[in-house]
Structure formats: C-alpha cells, structure tokens
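J.: First, the structure itself, so that you have it in front of you.
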Amino acid sequence: MLQLKNYREVGVFDLLSAPLNPIGAFDAERFKVDVRALIDKKSNYIAVDLTGIDFLYSDAYNALMLFQKELAATGGVIGLLTNNKIIIDGLHRAGLDKKVKLFNAESALMDYSTKANFPSEESQYTSSVDSPRGAVSMNQFKGSSTEEDKKNHKRATGRFTKSFNAISKDESDTVTSGMQTPFLDDNSSSHLLLWIMIIVFVTGALVAYFLLK
C-alpha cells in the first residue's frame, strides 16, 4: 500500500497537504491517489489544507464530491481548510457547501474533533467568515446538525489527545493575564511590606531624634 508522507494528524482528521501540479495549481489526480490511500488504511476523517490555494478547477470539485459520498456512506467526513471566497463560492455552485466541512484554521479542526469525541458537549467548531455573494456562510452550513454528523464519533480519544499539539500558536497565546503573571499578587504584597518597613523605620528614627534632643 502507498505510504503517504504529505499528511499529518490533527485531532481526528488526517490532514493532507494540497498536492500541486508543475504550474502550482491543485492536482486533482494526485489528490485522488492520496485520499484513496488514506481510505484504504481505514481513515474516516480526511481533510485537505488549501491554504494558499486561490482556485479549484472542476476536476477538484468532482473528486471532492466522489469522496464525500464514499465517506458519508460509512459515517465519515471530508473537510477543507480554507477561507478563500472563490473556493467557497465554487463549493456552493457544485452543491457541496452543505456536504463537506469547511474550517478556516487548524484550531477549528481541533474543536470539531472535540465534538466528535465528546458529542454531549456543546462546541462551536467553526468560525464564520464573509462569504461571497450567493454563497452560504461557513457557520450556516458547518454548524447544522444532521444524521451524518451523528455518526461521526467513531475514533478513539487517544488519537485526539495525541494530536493536541496541532492547535495554532495564536490560540495558545490567549491565556489569561493571571496565568501569564502568577506572581503578580506576591509582588504587590512585597511592595506593601517594603513601604510599611520604611514608615516604621522613619517613625522610629524621628522618635529617637526627639528623645535624644
């Protein structure tokens, strides 16, 4: 079986790097080969990173439609990592906007994975973006609950936790100020104690001065 090297695990997803042809366009034929290899190894959650891709030709949409139907039959999901308006509009025109999952960041893949592993928890795993005229916005067609979504809870939690380091750096920087400065309160107490000692010292010096005068 073909051993792929151009994908990585992000949450429950196998995230493929977008295959490119010699002119830098999305290579739909290579994409078919890569996705088929993942399906053969029993991958049920497959996504492709389209970051930096500005346009998809019809053969790419046809390939997405083919694999979406195949994965949906087994409760699987195919996703796209993109926020490009032209691609989103193309999905709408191809009738795929309510069938594939769109994610605008790897952190959104992780949020979806959380929902897939813990379906009882409420999770906003998608972020809305401005859609082109006539296209359905991302939060409209990714947040809906369908019978297909109810089937998408088959991978073990261990796979999810293994890939937790795929969360973007920007998101990891959003810790609260209290966590970033755990000794802030201690510093304030130290300053207060220092001022009290200074006041006591000055008061003692003044008392001694007047007693000895």
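The values are calculated or read from the model by the stated rules, or taken from the named source; none is laboratory data. Here the structure is a predicted model, which is why all the values come from computation and not from measurement. Please note: Cβ atoms are built from the backbone with ideal geometry, for glycine as well, and neighbour counts cover all protein chains shown.
J.: Can LEU109 be described as in contact with a strand residue (DSSP E or B) (Cβ under 9 Å, 6 or more places away or on another chain), within 15 Å of PHE31 (Cβ to Cβ) and surrounded by 21 or more Cβ atoms within 10 Å (Cβ to Cβ)? Walk me through it before giving the result.
T.: Working: in contact with a strand residue (DSSP E or B) (Cβ under 9 Å, 6 or more places away or on another chain): yes; within 15 Å of PHE31 (Cβ to Cβ): no; surrounded by 21 or more Cβ atoms within 10 Å (Cβ to Cβ): yes.
So LEU109 does not fit the description; no.
J.: For LYS69, indicate whether it is closer than 16 Å to ALA47 by Cα and without any contact (Cβ under 8 Å) to a residue 12 or more places away in the chain.
T.: Yes; evaluated as a whole, the condition is true for this residue.
J.: I need every pair where a residue in the stretch 74-97 that is surrounded by fewer than 17 Cβ atoms within 10 Å (Cβ to Cβ) has its Cβ under 6 Å from the Cβ of a residue that is at pLDDT 95 or above and of a type in the set (Phe, Trp, Tyr), sequence separation at least 6 or different chains.
T.: none
J.: Any residue at all in the stretch 35-58 that's among the hydrophobic types (A, V, I, L, M, F, W, C) and without any contact (Cβ under 8 Å) to a residue 12 or more places away in the chain?
T.: Scanning the stretch 35-58 turns up no residue that is among the hydrophobic types (A, V, I, L, M, F, W, C) and without any contact (Cβ under 8 Å) to a residue 12 or more places away in the chain.
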